[in-house]
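Data block below; observations after.
Laboratory data are not the source of any read-out in this text; all were calculated from the coordinates shown. A quick note: this is a predicted structure, and the numbers were derived from the prediction, not measured. Here the Cβ positions follow ideal geometry from the backbone for every residue, glycine too, while neighbour counts run over all protein chains shown.
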Amino acid sequence: MLKKFFWMCSGADTDILSDCPKSEQVKFAGIGGTVFFTAVMAFLASAYALYTVFDNYFAAIGFGLIWGLLIFNLDRFIVSTIKKQGKFWKEFFQVVPRIVLAIIISVVIAKPLELKIFEKEIDQVLLKQKNQLTLENQDQVAQQFSSEITRVEGEIKALKNEISAKETEVNNLYDTYIAEAEGREGTLKLGKGPVYKEKREKHDESLIELQSLKETNQAKITSKEDELLSLRDKETAQVNADQPIIDGFDGLMARINALDELPTMPSLFIFLLFLAIETAPILAKLLSPKGAYDLKLEIQESSLLLVAEQQKNQRELLLGTDKTLNEKVYYDVTEDEEVYAHKKQKAKDLLKLQTDYFFKKQKEALGN
């Protein structure tokens, strides 16, 4: 049962193969087994690739099964269409397009399996890429808010500098009237004279202005600090909103690009392995000598071709004979007086009907 199943997978005619030697049966069973297991690998590879896309087992298995059947049908078609003709170069040029198609199929099958085999290494590459994307995203978001943040920080600094400048002024006035009272500066007289009082009043006025300035600027600073905090919160919220997109950066295309960053040799060996598996049935048929199955198949096809050619010739002869007979029959009819008289009468009747119809239409057109 299993042997016949593999025969079917090889695309061979099981009726012919049943009458062939055992060596032929084993050869085609091996070819069929290769085709079948290639389709199984295609199913596994495509199911994994589609799972990375849809993240759903049922969708991955369903589409993977369809893809596996498609690859099975293609491989079976490729192998079954190779005909042994006993001439190597003629057979070689016959299989070249099929080998090209087999290479394409090998790439399609091997790539998803490479993604699974090197999954841990790909995850490391993706982690580095995600971290880089996170940093780049933070820089981009910071650039969006930097101008506003810089403006607010500058305004806060200006308000604080204004207070500092006023404090310096008050301190200087304090030092001035103290120095006047001690006789170190100004009039150089010890004691609290008129000049001292004048300088003291000026200091007190400036101190009152400082207190008022502190209250006014502090309210502005508090407002600006709230605005600055709001801007930083918006910046953080934007970064956090973008992070899930970066965390989800592990789809099929991202993994393929990450795989390209890994060393080439391991991927190349896997590809060559699947290429060898995919082209094995084709090369087996190409390199194997013309066997009993090929001879029987050639006899059967040539017999069918001969029968088809004979039937075609018979139809052509039958058509030619019928044409000749028809020409002779119609020639003989032209000499028959009865047929001539009947056709003449019908022609007269037809002319009368046409004349009456024309007369009726003309009469209607004239309004009579």
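You can think of it this way: the chain between Val107 and Glu215 has 31.4 nm of extra reach, that is 0.36 nm per residue less the Cα-Cα gap. Taking 1.306 mPa s as the viscosity and 10 °C as the temperature, the Stokes-Einstein diffusion coefficient of region 132-252 based on its alpha-carbon Kirkwood radius rounds to 86 µm²/s. Taking 0.36 nm per residue of separation and subtracting the current Cα-Cα distance, fully stretching the chain between Asn56 and Asn73 would add 3.5 nm.
If you take all other residues with their beta carbon under 15 Å from the beta carbon of Asp322, and give Lys and Arg +1 and Asp and Glu -1, the sum is +1. Once the Cβ-Cβ distance of Gln138 and Asn257 is raised to the sixth power relative to R0 = 25 Å, the FRET efficiency obtained is 0.65.
How about Lys224: which aspartates and glutamates have a C-alpha closer than 18 Å to its C-alpha, ignoring those fewer than 8 places off in the same chain? Within reach: Glu148, Glu153, Glu155, Glu162, Glu215, Asp233, Glu235. Electrostatic bookkeeping for Thr355 treats Lys and Arg as +1 and Asp and Glu as -1; over the other residues with beta carbon under 13 Å from its beta carbon, the sum is +3.
With a cut-off of 15 Å between beta carbons, the residues surrounding Ser212 carry a summed charge of -4, where Lys and Arg count +1 and Asp and Glu -1. Given R0 = 22 Å, the distance between the Cβ atoms of Ile66 and Leu283 translates into a calculated FRET efficiency of 0.20.
Sequentially through region 341-346, phi angles give Karplus couplings (6.51, -1.76, 1.60; θ = phi - 60°) of 5, 5, 5, 5, 5, 5 Hz, Gly and Pro residues having no value and appearing as x. Peptide packing: for 17-25, 62-70, the average count of neighbouring Cβ atoms within 10 Å per residue gives the ranking 62-70, 17-25, highest mean first.
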